1. If you put +1 on each Lys and Arg Cβ and -1 on each Asp and Glu Cβ, how big is the dipole of the chain around its Cα centre, in Debye rounded to 20?
2. Using the basic label-point model (7 angstrom from Cα toward the beta carbon), what is the A173 to A362 distance in nanometres?
3. What residue among L380, L234, V325 has its Cα farthest toward the positive end of the dipole of the chain, where the charges are +1 on Lys, Arg and -1 on Asp, Glu, each on the Cβ?
4. How big is the dipole moment of segment 10-79 about its Cα centre under a simple scheme where the beta carbon of each Lys and Arg is +1, that of each Asp and Glu is -1, and everything else is neutral? Debye, nearest 20, please.
5. Taking every Cα atom in segment 131-189, find the radius of gyration and the maximum pairwise distance Dmax, and write them in Å.
6. Counting other Cβ atoms within 10 Å, keep those with at most 13, restrict to DSSP loop, and tell me which trypsin sites (Lys or Arg not before Pro) in segment 256-321 are left.
7. Order the peptides 150-158, 39-47, 372-380, 231-239 from the highest to the lowest mean number of other Cβ atoms within 10 Å of their residues.
8. Using the Karplus equation 6.51 cos²θ - 1.76 cosθ + 1.60 (θ = phi - 60°), what ³J(HN,Hα) coupling, rounded to whole Hz, does each residue of segment 351-357 give in order, writing x for Gly and Pro?
Amino acid sequence: MPDAVAESGSIAGLAVGDERVVEVGPIAHGGHCVAHSDGRTLFVRYALPGERVRVAVTEVSRKIVRAEAVEVLVASPDRVEPPCPVFGPGECGGCDFQHVAVPAQRALKERVLADSLRRIGRLDPSEIDALDLRVRELPGAPDGLGWRTRVRWSTAPDGTVGLHRHRSHDVVAVERCLIAAPGVDVPPARGEAPARSARVEHVVRGRRWKVAADAFWQVHPGAPEALVDAVLRLGEPEPGESWWDLYAGAGLFAAFLGEAVGAGGEVDAVEADADAQHDARRALHDLPWVRLHRAEVAPWLRTAPGRPDGVVLDPPRAGAGAVVVDEISERAVERVVYVACDPAALARDVALFRARGYRLAAVEGYDAFPMTHHLESVVLLAR
């Protein structure tokens, strides 16, 4: 029988649609909380640790049971009224935490990051405590709303325009997305193609980028500068040094690494996407000591000459992986600054680096996606 929902929709006494009253345990990766019923572990949306809720089972497989809180019997003090009318069971799946006070959202993300580093990264609790791990607020959205600069609206076969339900292709009609910034917060009218701008301008620390509207760029306007500041603060690039920027995208980190090392240093920026490379070339035209390489990172590393003073890693959600970690470790690079959007993938790679002689010297979290379970992390791995 497949690991997706069993054909009968039930296993071990639980079936899709069943309701149970459960005591809610800790937060888990993915925006769910852990609970238990019928001898199974349930991953529950729309709940908070310490609550007593009635849940409805939404998915049952051999590996996992998913459920949604449909009634709150004993509420957490961190629970608030969701601002969005289409947030909750069976509604839009774009947000995870609208029922949580914004400061408490950051506390939940801190727990997820710390737990990932403990379970997957194999750090002792005392090591994590010593890191003073915190998830920081970014400027511009103190209430967690109006920050998202890009939204992918969907249209159902019947013409409904909106956003998808959680883990579904069904489209929920949305009149206005509250976490979206003005200008992208209202969907196109029925039958109208979504408006697209050919190029979007971004300014970070006075440097300008023009990138395709659908190209990768941080969707929180405060994230690029905050992440650049963290990379420079943790990595401490000095004039005359050599740095590698791997998974460089449009050259956000490469630009300011280049400024830091100056004309006497060098930066190699590696990115496989041709459009991102084009955008980087335009934005970094005044930094000839920043060399742009259009290549996949792992093959490039196998033939890259020498040993840099430091490396910046900003891989996709799946992380860098063992091959990339091995190539960096074999060169005994002293400073590795790792930017990550997935705590589990980050923790896995931290464990790989630690097994190869690195220590986790610093961890910083950034709430770049308020109202959702996502966050950005920046860590320093040092020899």
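The numbers here are math on the coordinates, done by the rules we state, and not lab data. Everything numeric here is computed off the predicted structure, so don't read it as measured data. Because the Cβ atoms are built from the backbone with ideal geometry, glycine has one as well, and the counts that use them run over all protein chains shown.
1. 280
2. About 5.1 nm separates the two model spin labels.
3. It is V325.
4. Taking the Cα centre of segment 10-79 as origin, the dipole is about 200 debye.
5. For segment 131-189, the Cα-based Rg and Dmax read 14.8, 52 Å.
6. Values: sites: R281, R282, R291, R294, R302, R317; in loops: R317.
Passing both the DSSP loop test and the Cβ count: R317.
7. Working: 150-158: 13.3, 39-47: 20.7, 372-380: 22.7, 231-239: 18.0.
Top of the packing list down: 372-380, 39-47, 231-239, 150-158.
8. Going residue by residue, I get 4, 5, 5, 5, 5, 10, x Hz, with x marking Gly and Pro.
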